[in-house]
Amino acid sequence: MKNKKILNISKKTFFDVFFMLIMVVIASIILTYILPKGTFGKITNPDGSTTVLYDQFIKLEDVKGINIFKGIFSPILVLFSGDGITLICLSIFILCISGCFQVMSDTGGINVFILRIVKRFKENKVALVCLMTLVFMGFGAFFGLFEEVLALLPIIVILTCSIGYDSYTGFLICIVATAFGFASAITNPFTVVVVANILGTSPLDGLLYRIIVFLIMYGLLLLYILVHIKKIKKDPKKSPTYEIDKEKKIDEEELDNSEISKRIFNVYAIFLSLVLVTIITITSIASLRGYIVIFLIVLFLFGGLLCGFLVNKDKKYVLSSFLKGVTAALPTIVLILLASSIKYVLEEGMIIATITNYISLLMKAQNSIIVVLLIYLVILVLEFFISSSTAKAIFVMGILSCVNMNISNNTLTLAYLFADGYSNIFFPTSPVLLIGLSMIGMNYIGWMKKSKWLFVVNTLIVIALLVIAVVVGY
């Protein structure tokens, strides 16, 4: 594990995703020339602020598609758009995470930390998997965490490899479980709270049904994980990350005879505990929630280097290790910019309002079950282009709240949660999915092939839950 890059994207993985995203960007540019252009009406409030009237669509005549040069350079221009600051912060966040965990790896911190856990749960591996899956689902369901758990993925991956499983199991426990929790939201501030504010309801409305959804999805994911574990225990070569994982397992005898001390464990245990406390605390304080990424950037940048200096006296080695981690993350930043440029193209091409207006017209005068399934489908399609939960909720739910669809706000919220959340680990336009897959050395196509039945069953359950919600008047 030592001297290996924590975030290491293979050339094949990078170019597979790169060209896939390029094709989506090109398709988005073409759409701006095909679809009619439009915008929503606006009024100026007494305080000078502007309110968008989502129920007043204004068709724009003689407006051409996006400027072709804007389309070509959209991955760069998006940095100067309204989403630019968020993207810059996310990119710096990824660079700091990669640098920090590279230092932790090279100074022996990850090895000694994981070894302690492996020894403690050596006879209770399945219980450990069940517990960690529940914890990460809880992070998503209660606190709306998703991007933040990328910081913990390297440790979870090495942990699962060290107890006899694989990187894929770690990915399922950490990233997929958090995404499932995010969608099976209980008090998720980025979806439940935002949508409740838009619809004028309480975030606690319909809570019991969402708890039932959470338990059902926990059972589904855990079953999938346990089936996978059973397969690789019989034949380790069935693991999609078998070859790569050979470099991630820890030699317990070597560690016990090395200079790694209890002090190293204590330093990194305190640091990782501080990361968890920071995530939970900041996301629990409404006024600070929007600054979570900035807090984590500072924590990983200075805390990561400080821990390295405390356990290794060679300052140049620590700085070199951090730089190696930062360099390894650069290809991931390219993919993030490409994925984010899709929304930029649609906005600059003036077809975002057109697409959402079509949604409004489509929902009118339909059977309630058909309406809720159409809402789910439409938001699912929009999720492919716009991964931001809050941004999507603002303009999609703003429109839907103005349309008489004969379904309750609770059911409307549920449809949004399902469409927005589970697709976070399905669509190739999800930066977190791409980053997570790159961390375990797995390409997107391989992920789709391996997990296809999980998403098939998940989709069937989602449809059933939405139909039940309509029938029982949820």
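Descriptive notes on the structure:
- Only one residue of Y358, L377, L220 has its Cα farthest out toward the positive end of the dipole of the chain, where Lys and Arg carry +1 and Asp and Glu -1 on Cβ, and that residue is L220.
- Relative to the dominant Cα principal axis of the chain, helix 409-421 is inclined by about 50°.
- Shape descriptor for segment 400-474: Rg over Rh equals 1.11 (Cα atoms; Rh from the Kirkwood inverse mean 1/r).
- Accessible area of Y242 in the full protein assembly, 1.4 Å probe (Å², nearest 10): 70
- Given charges at Cβ of Lys, Arg, Asp, Glu: the chain dipole, positive-most of T411, G436, T278: G436
- The modelled label-to-label distance for the pair S320/S49, using points 7 Å beyond Cα in the direction of Cβ, is 5.4 nm.
- The loop-placed chymotrypsin sites (Phe, Trp or Tyr not before Pro) in segment 28-86, going by DSSP, that have at most 13 neighbouring Cβ atoms within 10 Å of their Cβ come out as F73.
- Signed unit charges on C-beta, dipole axis of the chain, positive-most listed residue Y268, T459, L35: Y268
- Each listed q (0.17 Å⁻¹) maps to a log10 I(q)/I(0) for segment 156-247 from the Debye sum over equal C-alpha point scatterers, namely -0.75.
- Point-to-point label distance, V277-K231, nm (Cα→Cβ direction, 7 Å offset): 4.1
- Helix axis angle, 368-385 relative to the chain longest principal axis, alpha carbon, degrees: 60
- Kirkwood's formula applied to the C-alpha pairs of segment 429-470 gives a hydrodynamic radius of 11.9 angstrom.
- Averaging 1/r over every pair of different alpha carbons in the chain and inverting the result gives a Kirkwood radius of 23.4 Å.
- Extended-chain gain in nm, criterion 0.36 nm per residue less alpha-carbon gap, Y358 and I445: 28.2 nm
- Using alpha-carbon coordinates, inclination of helix 315-348 to the longest axis of the chain, degrees: 10
- Cβ-Cβ FRET estimate between V126 and I34, R0 fixed at 56 Å, reported to 0.05: 0.60
- By a 1.4 Å probe calculation restricted to protein chains, D16 has an accessible surface near 60 Å², given to the nearest 10.
- For segment 79-180, a simple Cβ point-charge model (Lys and Arg +1, Asp and Glu -1, everything else neutral) yields a dipole of about 480 debye relative to the Cα centre.
- Å² per residue, accessible surface of the chain at 1.4 Å: 43
- Lys, Arg +1 and Asp, Glu -1 on Cβ, resulting dipole of the chain about Cα centre, debye, nearest 20: 1020
- Carbon + sulfur, % of accessible area of segment 86-233 - ligands and nucleic acids excluded, 1.4 Å: 70
- Projected-area average for segment 41-104 over all orientations - Cα convex hull basis, square nanometres: 8.1
- Computed log10 I(q)/I(0) for segment 86-204 at 0.23 Å⁻¹: -1.24, from the Debye equation with unit scatterers placed on every C-alpha and solvent omitted.
- Global form of segment 141-188, assessed from the alpha-carbon gyration tensor, a/c cut-off 1.5: prolate
The values are calculated or read from the model by the stated rules, or taken from the named source; none is laboratory data. All values derive from a computational prediction rather than experimental measurement. Glycine gets a Cβ as well: all are built from the backbone with ideal geometry, and neighbour counts include every protein chain shown. For accessibility, only protein heavy atoms count, side chains too; no ligands or nucleic acids. Shrake-Rupley method; radii C 1.70, N 1.55, O 1.52, S 1.80 Å.
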